[in-house]
Amino acid sequence: MNKNDLIDAMASSSGLSKADASRALEAFTGAVTSSLSGGGNVKITGFGTFSVSHRAATTGRNPRTGEAIQIAASKNAKFKSGKGLKDAVNR
């Protein structure tokens with residue numbers, strides 16, 4: 001399912017127009033992005049939790065030359081599914 005398919009599904013199940021469903025999806029992704037970029041978490045009971053994970057700086061190797069290179073520390077968004085979502089997927 002891509003973004004347009006999700007908008008279509010949201011519109012048909014909620015009775016919203018596709019334009020309203022698109023704005024709702026944009027508002028949701030914007031709110032999650034804003035919260036995560038500010039260092040917070042987003043918990044949706046029964047669905048899951050969006051959070052930020054921290055990766056420490058490491059030393060890697062260039063596969064062509066074997067030369068050691070520094071890989072910078074970074075932050076990544078992660079999602080942990082909740083019980084309701086896990087149960088629905090495992091039916």
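The values are calculated or read from the model by the stated rules, or taken from the named source; none is laboratory data. This structure is a prediction, so every number in the text was calculated from the model and none was measured. Here the Cβ positions follow ideal geometry from the backbone for every residue, glycine too, while neighbour counts run over all protein chains shown.
Select from segment 1-23 the residues that are at negative phi, surrounded by fewer than 13 Cβ atoms within 10 Å (Cβ to Cβ) and of a type in the set (Gly, Ala, Ser) and list them in ascending order.
Across segment 1-23, the qualifying residues are ALA9, SER12, SER13, SER14, SER17, ALA19.
Rundown of residues vs (1) at pLDDT 95 or above; (2) in contact with a strand residue (DSSP E or B) (Cβ under 9 Å, 6 or more places away or on another chain), yes/no style:
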| position | (1), (2) |
| --- | --- |
| THR49 | yes, yes |
| VAL52 | yes, yes |
| ASN62 | no, yes |
| GLY66 | no, no |
| LYS80 | yes, yes |
| ARG91 | no, no |
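Is segment 5-21 home to any residue that is at pLDDT 95 or above, of a type in the set (Val, Ile, Thr), over 15 Å from the mean Cα position of the chain (by Cα) and closer than 25 Å to ALA88 by Cα?
Scanning segment 5-21 turns up at least one residue that is at pLDDT 95 or above, of a type in the set (Val, Ile, Thr), over 15 Å from the mean Cα position of the chain (by Cα) and closer than 25 Å to ALA88 by Cα.
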